Amino acid sequence: MADITVTIGKHTFQNPVFAASGTFGYGLENPDLVDISAFGAIVTKSITRQPREGNPPPRIVETPSGMINSIGLSNIGVDKYVSDMAPKYADIGCPVIMNIAGSSEDEYCEIVEITESVNSNIIGYEVNISCPNVKHGGIEFGVNAELTESLTSKIRKRTGKLVIMKLSPNVTDIRSIAKAAEAGGADALSAINTVYGMSINPHTKKSEIYTTYGGLSGPAIKPVGLACVHKVSLAVDVPVIGIGGITSGKDAVEYILAGASAIQVGTANYRDPATGISILDDLKRYLAEQNIATVAEMIGMVETYES
Ligand code: RRO
């Protein structure tokens with residue numbers, strides 16, 4: 001059988017299929033629906049310093065080949081995360097990556113300091129600098145290379161665990177943000193968060209999202225994600241984790257060929273939380289059919305017409 005392990009920073013994961021933040025709760029909600037020990041890792045919903053209710057409804061709408069959300073960083077806050085969730089991560093059989101978000105460098109740093117002060121059982125942080133749905137919740141960092149580098153280096157100083165910066169596609173030049181995160185000491189980058197979108201009901205003439213704009217996800221954004229992963233992986237030396245509209249093993253293969261070392265399944269989890277398992281089965285079948293010995297050798301192997 002092919003070797004499907006992948007290495008990111010100092011961690012080797014049993015496979016490259018992760019569950020994406022915001023689509024898998026805190027990893028503990030669906031034990032009867034899916035065996036999470038089959039995943040390479042799970043990334044939990046963004047955590048802020050204080051608990052947050054999130055935005056008023058409507059905050060989710062289905063769109064062609066995808067959906068728009070404007071949840072607004074609804075979460076339990078770091079104190080409850082470390083007291084109620086983290087202890088349970090000791091024996092769920094799957095590495096947990098904690099996604100964090102903040103409105104200032106101090107907020108991100110405090111979340112990391114609190115988490116580092118306990119036995120959290122997490123293996124690292126995915127730092128959300130790309131939430132499109134709150135005025136001050138990270139995207140101001142993710143659209144600015146200087147702020148990205150500064151924030152990354154402050155978090156880097158506070159933890160020896162994995163630091164993964166989650167990038168936004170809603171920027172002019174994603175490569176410059178990626179390079180800034182790498183310069184700040186990130187172990188890896190994940191790309192992409194959701195793409196700004198809007199939906200209107202022609203009968204009521206109303207916006208279908210309370211905040212007017214939200215984050216578009218699902219198969220509709222797969223080509224955007226692929227292009228971002230390809231650009232970023234050519235710009236930096238650290239591993240890239242591909243996200244955006246992945247629903248099948250074929251999608252996962254495309255992301256790996258584009259340059260992803262691992263992939264995250266997001267929106268597809270709403271239809272079936274076990275999508276990651278079928279993606280993994282598809283991926284293994286593909287490797288066997290293609291006579292490919294390791295996932296690692298496929299990373300970035302896309303043939304393009306121009307270099
Ligand atoms: O909570 C959200 O509205 C949200 C977040 Br934190 C994010 O990172 N991406 C997104 O599409 N929605």
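The values are calculated or read from the model by the stated rules, or taken from the named source; none is laboratory data. Computed from a prediction, not measured in an experiment: that's the story for all the values here. Glycine gets a Cβ as well: all are built from the backbone with ideal geometry, and neighbour counts include every protein chain shown. Note: areas computed on protein heavy atoms with side chains; ligands, DNA, RNA excluded. Shrake-Rupley method; radii C 1.70, N 1.55, O 1.52, S 1.80 Å.
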| field | Residues (out of contact with any helix residue (DSSP H, G or I) (no Cβ under 8 Å at 6 or more places or on another chain), open to solvent by less than 40 Å² (accessible area, probe 1.4 Å) and more than 16 Å from the ligand (Cβ to nearest atom)) located in segment 13-51 | value | Phe13, Ile36, Gly40, Ala41
| said: Scan segment 110-118 and tell me whether some residue there is within 11 Å of the ligand (Cβ to nearest atom), under 23 Å from Ile241 (Cβ atoms), under 18 Å from the mean Cα position of the chain (by Cα) and touching a residue at least 40 places away in the same chain (Cβ under 8 Å). | reply: no
| message | Give me the residue from segment 110-138 that is among the charged types (D, E, K, R) and open to solvent by 10 Å² or more (accessible area, probe 1.4 Å) and, out of that set, farthest from Thr152 (Cα to Cα). | response | Lys135
| Given the residues Val78, Val96, Val82, Val61, which is the only one that is aliphatic (A, V, I, L, M), closer than 19 Å to Val118 by Cα and within 15 Å of the ligand (Cβ to nearest atom)? | Val78
| query | Filtering segment 61-79 down to residues that are in contact with a helix residue (DSSP H, G or I) (Cβ under 9 Å, 6 or more places away or on another chain) and among the β-branched types (Val, Ile, Thr), which residue is least open to solvent (accessible area, probe 1.4 Å)? | reply | Val78
| query | Of all residues in segment 203-213, which are more than 23 Å from the chain's Cα centre (by Cα) and either farther than 19 Å from Ser65 by Cβ or part of a strand (DSSP E or B) (or both)? | reply | His203, Thr204, Lys205, Lys206, Ser207, Tyr210, Thr212
| message | Return the residues of segment 218-257 that are under 15 Å from Val6 (Cβ atoms), open to solvent by 10 Å² or more (accessible area, probe 1.4 Å) and of a type in the set (Gly, Ala, Ser); say none if nothing qualifies. | response | Ser233
| Residues of segment 196-233 satisfying the condition of being touching a residue at least 60 places away in the same chain (Cβ under 8 Å) and hydrophobic (A, V, I, L, M, F, W, C) | Met198, Ile209, Leu216, Ala220, Ile221, Cys228, Val232
| message | Quick check on my filter: what residues within segment 173-202 are within 15 Å of the ligand (Cβ to nearest atom) and more than 18 Å from the chain's Cα centre (by Cα)? | response | Gly197, Met198, Ser199
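Evaluate segment 269-284: report whether one residue or more is of a type in the set (A, V, I, L, M) and surrounded by fewer than 21 Cβ atoms within 10 Å (Cβ to Cβ).
Yes.
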